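Heads up, the thing below is written out as structure tokens.
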Amino acid sequence: MRPRISSILIALSVLICLFSLVLAGRDFYKILGVSRNANLNQIKKAYRKLAKELHPDQNKEDPKAQEKFQDLAAAYEVLSDAEKRKIYDRHGEEGVQKNANMGDSQDPFESFFGDFFSFGGSREERNQRPRGGDLVMDLWVTLEEIYSGNFIEVVRYKPVARPDKGTRKCNCRMEMKTYQMGPGRFQMSQEQVCDECPNIKFVNEEKLLEIEIEPGMRDGYEYPFISEGEPHIDGDPGDLKFIIRIEKHKRFERRNNDLYTNVTISLQDALIGFEMELEHLDKHKVKIVREKITWPGATIKKKGEGLPKYENNNIKGDLYITFDIDFPKKELSADHKEMLKQIFGQESKFKNYNGL
């Protein structure tokens, strides 16, 4: 009898778990492939990566492509919003639908890519249509962001076409017209011919753009948003292009994937050796130990402590540290001078040369 009761209890437990999952709705963390303690940047990074892979235009043979893409958008909408995520963690998707407005935010795909798939037609067809002007802007980022990665939000006030009263001339073009001037006489001339189209007006609408600063990005990297540039009344908008510019850093200089820095040490440390920790761009400590004499301008290399390689973040450049010596300003007594002569045991040496 007891084994039968145990089997019934197990079956009931399974049914309760399944029922709870149904009530909870979709697992947004699983959809995005992130852990439950993922931070906002990790959530944005996961969405951006998956959005391009799962877009229906990229998966036309998959009948569930649209559903997967909608699930991804819903997961991002909830987990990227602190309040909605809090409700979701406590009450699941059903709780979010009851207590928050779902689907009322901007399309996240456009925030990350612009109208990447929405212009329609082939590249050749798009190039033949009239286009608005491209917008090019410098976007300044810190070396810390280039080392660790980050997302930067830019608010764009974009002119968007909206219906207006009346009609307008559109699709204007030059055509050859033939006129009869008399018996056997004709005249040909070029004339502008236009169609009649519903009138439109451009209204500035606020749009949030998400720019991912990936580790190892190079100065001058072009980050495009398709169709987010200037509009064209009879064609496609131009593109918006951000040019990544790296701000000068107070302590580090970048050369390709290597970092260079200078450290000033005392004359005493230069002579007897020292141990120190250098704070890196992400606050981790780089330990430096010198047991021998360090001369002015001496450089040491810390392998793998440079910037991540853009194409493969698992590979890093090196960190080069050049030492400057802070000589004491205090005057030495005659006895101290004599002691130093005995310690070093060197003869006076003077050599004139071109050191440039």
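The table for this structure:
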{"read-out": "Failed item in (1) among the hydrophobic types (A, V, I, L, M, F, W, C); (2) part of a strand (DSSP E or B); (3) open to solvent by 20 Å² or more (accessible area, probe 1.4 Å), with residue 295 passing the rest", "value": "(2)"}
{"read-out": "Residue in the stretch 304-312 that is open to solvent by less than 90 Å² (accessible area, probe 1.4 Å), of a type in the set (A, V, I, L, M, F, W, C) and either assigned to a loop (DSSP other than H, G, I, E, B) or closer than 20 Å to residue 280 by Cβ (or both) present", "value": "yes"}
{"read-out": "Set 244, 233, 288: member being in contact (Cβ under 8 Å) with a residue 24 or more places away in the chain, under 30 Å from residue 196 (Cα atoms) and of a type in the set (A, V, I, L, M)", "value": "233"}
{"read-out": "Residues that are open to solvent by less than 50 Å² (accessible area, probe 1.4 Å) and in contact (Cβ under 8 Å) with a residue 60 or more places away in the chain, drawn from the stretch 49-83", "value": "51, 55"}
{"read-out": "Which numbered condition residue 336 misses (of (1) surrounded by 10 or more Cβ atoms within 10 Å (Cβ to Cβ); (2) in contact (Cβ under 8 Å) with a residue 12 or more places away in the chain; (3) more than 30 Å from residue 150 (Cα to Cα))", "value": "(2)"}
{"read-out": "Listing of strands (runs of 3 or more DSSP E) fully contained in the stretch 182-260 that carry 3 or more residues being exposed (fewer than 13 other Cβ atoms within 10 Å of the Cβ)", "value": "185-213"}
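A quick yes/no check of all residues on (1) in a helix (DSSP H, G or I); (2) modelled with pLDDT of 90 or more:
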{"site": "6", "(1), (2)": "yes, no"}
{"site": "12", "(1), (2)": "yes, no"}
{"site": "15", "(1), (2)": "yes, no"}
{"site": "30", "(1), (2)": "yes, yes"}
{"site": "35", "(1), (2)": "no, yes"}
{"site": "53", "(1), (2)": "yes, no"}
{"site": "60", "(1), (2)": "no, no"}
{"site": "66", "(1), (2)": "yes, no"}
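So that you can scan it fast, the table gives a plain yes or no per residue for (1) at pLDDT below 80; (2) part of a strand (DSSP E or B); (3) of a type outside the set (S, T, N, Q); (4) open to solvent by 60 Å² or more (accessible area, probe 1.4 Å):
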| position | (1), (2), (3), (4) |
| --- | --- |
| 93 | no, no, yes, no |
| 96 | no, no, yes, no |
| 106 | yes, no, no, yes |
| 111 | no, no, no, no |
| 118 | yes, no, no, yes |
| 140 | no, yes, yes, yes |
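The values are calculated or read from the model by the stated rules, or taken from the named source; none is laboratory data. All values derive from a computational prediction rather than experimental measurement. As a convention, Cβ positions derive from the backbone with ideal geometry for all residues, glycine included, and neighbour counts pool all protein chains shown. The area values use the complete protein model at the heavy-atom level, side chains included, leaving out ligands, DNA and RNA. Shrake-Rupley method; radii C 1.70, N 1.55, O 1.52, S 1.80 Å.
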